[in-house]
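For reference, the structure discussed in these notes is given below.
The values are calculated or read from the model by the stated rules, or taken from the named source; none is laboratory data. Computed from a prediction, not measured in an experiment: that's the story for all the values here. Positions of Cβ are backbone-derived with ideal geometry, glycine not excepted, and every protein chain shown enters the neighbour counts. Ligands, DNA and RNA are excluded from the accessible area calculation, which covers all protein heavy atoms including side chains. Shrake-Rupley method; radii C 1.70, N 1.55, O 1.52, S 1.80 Å.
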Amino acid sequence: MWVEVFTSSDLDQAGNGLYMSLALTMYIMKFINIRVLSRKANSFIYELEHNKMFDLLKSEEAQMWSKQQKSFRNVVILYTGGSVCSAIFAFVGVLFDKEYNLGHPYWLPFDWRNPERYWYAYSFNVIGILVSCFSNVSLDMLGCYTIFHIGLLYKLLGMRYSSIRSLKEVLAIKEFRKLFLLHTSIKRMTKECEILISHYVLTQIIFSGLIICFSGYRLQKMNILADLSQFLGMLQFLSVMILEIYLPCHFANQITSNSAELINNIYDCEWFQFSGVNQKFIRLYMEFFKEPEQLRAGKYFEVGLPIFTKVMNNAYSYFALLLNMDK
């Protein structure tokens, strides 16, 4: 695909393949990242599954957990469905063209624009893109679920802090000590999560602005009525790319908001009615809650909704610049 881009005769022809070339390059970098960190990822998942501290103890916790997991499942279905549909629309649309075209152009060492060889190029294009699509979606959802799970643990911790209000002081202090240990484990898991997703999110944010830019450029060049299926496929691809940036930012923002809410959950415990020694103990620990937890991408910036807004602003700036260059 990169050979096709660099050998293109004009900007329009290059733009037809550039957005997908960038997307697949980003996928390769995500694959290398998870491959290098595979042992850390395995140990991270193993601890989430087997650490007894993370077990659900009450029916309210189980209901909350189940509800949140179902919402993530809907995200997976939406994201996967949109990705597959965008590819299918692109492949179906070229079949109605008068000339021989590919859904996602790539360079071949032979002339494929004839009835004998076109279907070889077309079949490889379909298989390659669909395999890449499912692989990319799987890596994205693995990264997002890692972030989502940590945010859910902070929400679980907040629920347990709030439930202490009904306990007597002696039992409440024992429960506090257990939750302090749980909080320490979750903070350690947050740091491990940051190691796993740091370079993946950094790569995604850097490349996504350019991909959205070239996707918008191709949409702007399309004749909607003449290339309706291609237009719909491109529109879905653009939506999926925006969602691809938004999801890790959204789930990382959940970590920040849920960890920031912990100090309010502790205040709800009516700890000010405890003895002086226990009040000092709780006040001392509450110092750790002043700054909420935040994931960082490559130690350059904090992952959250503000960075998503900046990426979208940058993508629009690139798009406007590209239109001026075209004129």
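Where does helix 305-326 land angle-wise versus the long Cα axis of the chain, in degrees 0 to 90, nearest 10?
20
Work out the charge dipole of the chain with +1 on the Cβ of Lys and Arg and -1 on the Cβ of Asp and Glu about the Cα centre, then indicate which of Phe237, Met312, Cys269 is farthest towards its positive end.
Going by the Cα projections, it comes out as Cys269.
Excluding residues fewer than 8 places away in the same chain, name every one of the lysines whose C-alpha is closer than 25 Å to that of Lys221.
Here the lysines satisfying the reach criterion relative to Lys221 are Lys98, Lys327.
Going by the alpha-carbon gyration tensor, a ≥ b ≥ c the square roots of its eigenvalues, is segment 1-156 rounded (a/c under 1.5) or, if a/c is not under 1.5, prolate (a/b greater than b/c) versus oblate?
On the way: a/c = 3.50, a/b = 2.45, b/c = 1.43.
In terms of gyration-tensor shape, prolate.
Compute the acute angle (0 to 90°) between the alpha-carbon long axis of helix 118-162 and the principal axis of greatest extent of the alpha-carbon atoms of the chain; round to the nearest 10°.
With both axes taken from Cα atoms, the answer is about 10 degrees.
Considering only protein heavy atoms, what per residue accessible area in square angstrom results for segment 131-186 with a 1.4 angstrom probe? Write out the running numbers ahead of the final one.
Numbers: 2280 Å² over 56 residues.
With the other protein chains kept in place, segment 131-186 gives 41 Å² per residue.
Tell me the carbon and sulfur percent of the accessible area for the chain, rounded to whole percent, probe radius 1.4 Å.
Details: 10760 of 17470 Å².
It is 62 percent, rounded to a whole number.
Output ³J(HN,Hα) for segment 80-97: one whole-Hz value per residue in order, computed from phi by the Karplus curve 6.51 cos²θ - 1.76 cosθ + 1.60 with θ = phi - 60°, and x for Gly and Pro.
5, x, x, 5, 5, 5, 5, 5, 5, 4, 5, 6, 6, x, 5, 5, 9, 6
Whole number in Å², please: accessible area per residue of segment 240-327, 1.4 Å probe, ligands, DNA and RNA not counted.
Details: 5010 Å² over 88 residues.
Computed with neighbouring chains in place, this is 57 Å² per residue.
Would you mind checking which residues have amide H under 5 Å from Arg296's amide H? H placed 1.01 Å from N; only 5 or more apart, or other chain.
Residues meeting the amide H criterion: Val303.
Taking the Cα centre of segment 156-217 as origin and charging only Cβ (+1 Lys, Arg; -1 Asp, Glu), how large is the dipole, in debye to the nearest 20? Provide the component values of the computation, followed by the final result.
Working: 9 positive and 4 negative charges, 92 e Å.
Once rounded to the nearest 20, the dipole reads 440 debye.
Could you point to the residue in Ile45, Met26, Thr7 farthest towards the positive end of segment 1-52's charge dipole, with +1 and -1 charges on the Cβ of Lys/Arg and Asp/Glu respectively?
Farthest towards the positive end: Ile45.
Report Ile197's accessible area, 1.4 Å probe, all protein chains in place, as a number in Å² to the nearest 10.
0
Give the Rg (one decimal place) followed by the Dmax (whole number) of the chain, computed from C-alpha coordinates and expressed in Å.
Cα radius of gyration and Dmax of the chain are 24.6, 87 Å respectively.
First select every other residue whose beta carbon is under 12 angstrom from the beta carbon of Lys30; then total the charges, Lys and Arg +1, Asp and Glu -1.
Working: positive: Arg35; negative: Asp140, Glu244.
Summing Lys/Arg as +1 and Asp/Glu as -1 gives -1.
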